[in-house]
Amino acid sequence: MDIQENVSLKGKTTMRIGGTAKYYADLSAKEDVEAAIKFAKENSIPLIMLGGGSNTIFADGEINALVVRIAASEVSIDGSLVTVEAAKNLPMLINELAADGFDLSPFTGILGTVGGAVFGNAGQGPKGIWIDSFIESVECFVDGSWKTMEKQECAFEYRESVFKKLNSPIIWSVNLTIPKKDPEEITAEIGRLLQQRLDTQPHVKTAGSCFKAVGDTPAWQLIDTAGLRETKSNGVHISEKHANFLINDGDATFEDAVNVVKTIDEGISEGLEVEMRFVKEDGTLEF
């Protein structure tokens, strides 16, 4: 494992906000995972897992932490079981598996890695399909040892999993059972859903959905109803296409994004949960 110092984080996140990581490393093997955990403990600093760079906004200064990314992205198929390593790009996986008749089309347009999707149980809205629908088990490094956690142990709910509650868990791979369908039908559905996403969601400097609603009402609808779509702070504004997306106008700061989130949070009585990770300079979360 090669640990680098003072690595810029701005280009590693989809919203293009952030300063530098005091320490950074790509983890290509399980031995690297164990070494990274050991390094963070010996230096008394947090270990922060970064996937594809969506759903995370870093502070503008130096993040006093070890920021890591899984580099392993192999995919293997054994009958109906598909094993995917955490760094695999989710959109690429959807398209590659479609050619073999495996249907992951419900996740079309969701950015990031497979590991990040498992961590946050990515998917459609509160009443839609989430990735845990296809999960059999997850291989991860938790509490100092490697474990294979069965689906029921992962406590999946809408945008939630047990991994959000554990101390620095590292997801290495996931076993999926995926329904099969005619490849042409899957490809057509991917195209339809992708166009739908392009028509209704922004594809510029954004980190993805920011809020998770409490209950069945989508967060964007609560923001619209409260008249908060015009909320902005210097370099950050709410997307005109979708009220649950923060947009970087080009020179946005961490403080700008925090201010927008606080304004919306305080203006909605029904209650919203901040789904985005806002990482402060000491490695802790803002919300």
So, in the stretch 200-220, of the ones that are in a helix (DSSP H, G or I) and in contact (Cβ under 8 Å) with a residue 40 or more places away in the chain, which residue ends up nearest to Lys232 (Cα to Cα)? Ala219
Could you list all residues from the stretch 239-269 that are crowded, with 20+ Cβ neighbours inside 10 Å, assigned to a loop (DSSP other than H, G, I, E, B) and among the aliphatic types (A, V, I, L, M)? Ala243, Ala252
For Thr56, the lone unmet condition from (1) under 20 Å from Phe156 (Cα atoms); (2) polar (S, T, N, Q); (3) buried (at least 21 other Cβ atoms within 10 Å of the Cβ) is (1)
Search result, residues across the stretch 69-80 that are touching a strand residue (DSSP E or B) at 6+ places or on another chain (Cβ under 7 Å) and free of Cβ contacts under 8 Å to residues at least 60 places away in the same chain: Arg69, Ala71, Ser73, Glu74, Val75, Ser76
So, in the stretch 209-228, how many residues would count as being modelled with pLDDT of 90 or more, surrounded by fewer than 23 Cβ atoms within 10 Å (Cβ to Cβ) and of a type outside the set (S, T, N, Q)? 4
Would it be correct to say that Leu272 is surrounded by 16 or more Cβ atoms within 10 Å (Cβ to Cβ) and either in contact with a His (Cβ under 9 Å, 6 or more places away or on another chain) or of a type in the set (D, E, K, R) (or both)? no
Of the residues Thr206, Thr231, which single one is buried (at least 19 other Cβ atoms within 10 Å of the Cβ), of a type outside the set (Phe, Trp, Tyr) and within 29 Å of Pro46 (Cα to Cα)? Thr206
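Do we have Glu153 as out of contact with any Cys (no Cβ under 6 Å at 6 or more places or on another chain) and part of a strand (DSSP E or B) here?
no
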Right, Phe163: touching a helix residue (DSSP H, G or I) at 6+ places or on another chain (Cβ under 9 Å) and closer than 18 Å to Lys241 by Cα or not? no
Scan the stretch 37-67 for residues that are of a type in the set (A, V, I, L, M) and in contact (Cβ under 8 Å) with a residue 60 or more places away in the chain and jot them down. Ile37, Ala40, Ile45, Leu47, Ile48, Met49, Ile57, Ala59, Ile63, Ala65, Leu66, Val67
Which number in (1) touching a Leu at 6+ places or on another chain (Cβ under 9 Å); (2) over 15 Å from Thr263 (Cβ atoms); (3) part of a helix (DSSP H, G or I) marks the one condition that Gln196 misses? (1)
Neighbours by Cβ (under 8 Å, 6+ apart or cross-chain): first from the stretch 172-193, over 11 Å from Asp103 (Cβ atoms); second among the basic types (Lys, Arg): Trp172/Lys30
The residue that is modelled with the lowest pLDDT, considering only those in the stretch 74-94 that are surrounded by fewer than 16 Cβ atoms within 10 Å (Cβ to Cβ) and polar (S, T, N, Q), is Ser80
Just for the stretch 270-285: of the residues that are at pLDDT below 95 and assigned to a loop (DSSP other than H, G, I, E, B), which one is nearest to Gly51 (Cα to Cα)? Met276
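Suppose the filter is surrounded by 21 or more Cβ atoms within 10 Å (Cβ to Cβ) and either at pLDDT 95 or above or under 24 Å from Asp78 (Cα atoms) (or both); does Phe119 pass it?
yes
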Go over the candidates Ala25, Ala71 one by one and state the one that is surrounded by 18 or more Cβ atoms within 10 Å (Cβ to Cβ) and at pLDDT 95 or above. Ala25
Right, Asp103: among the charged types (D, E, K, R), buried (at least 16 other Cβ atoms within 10 Å of the Cβ), more than 30 Å from Ala257 (Cβ to Cβ) and modelled with pLDDT of 95 or more or not? yes
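The values are calculated or read from the model by the stated rules, or taken from the named source; none is laboratory data. Predicted model, so just to flag it, every value in this text is computed and none were measured. Reconstructed Cβ throughout: ideal geometry from the backbone, glycine too, with neighbour counts over all protein chains shown.
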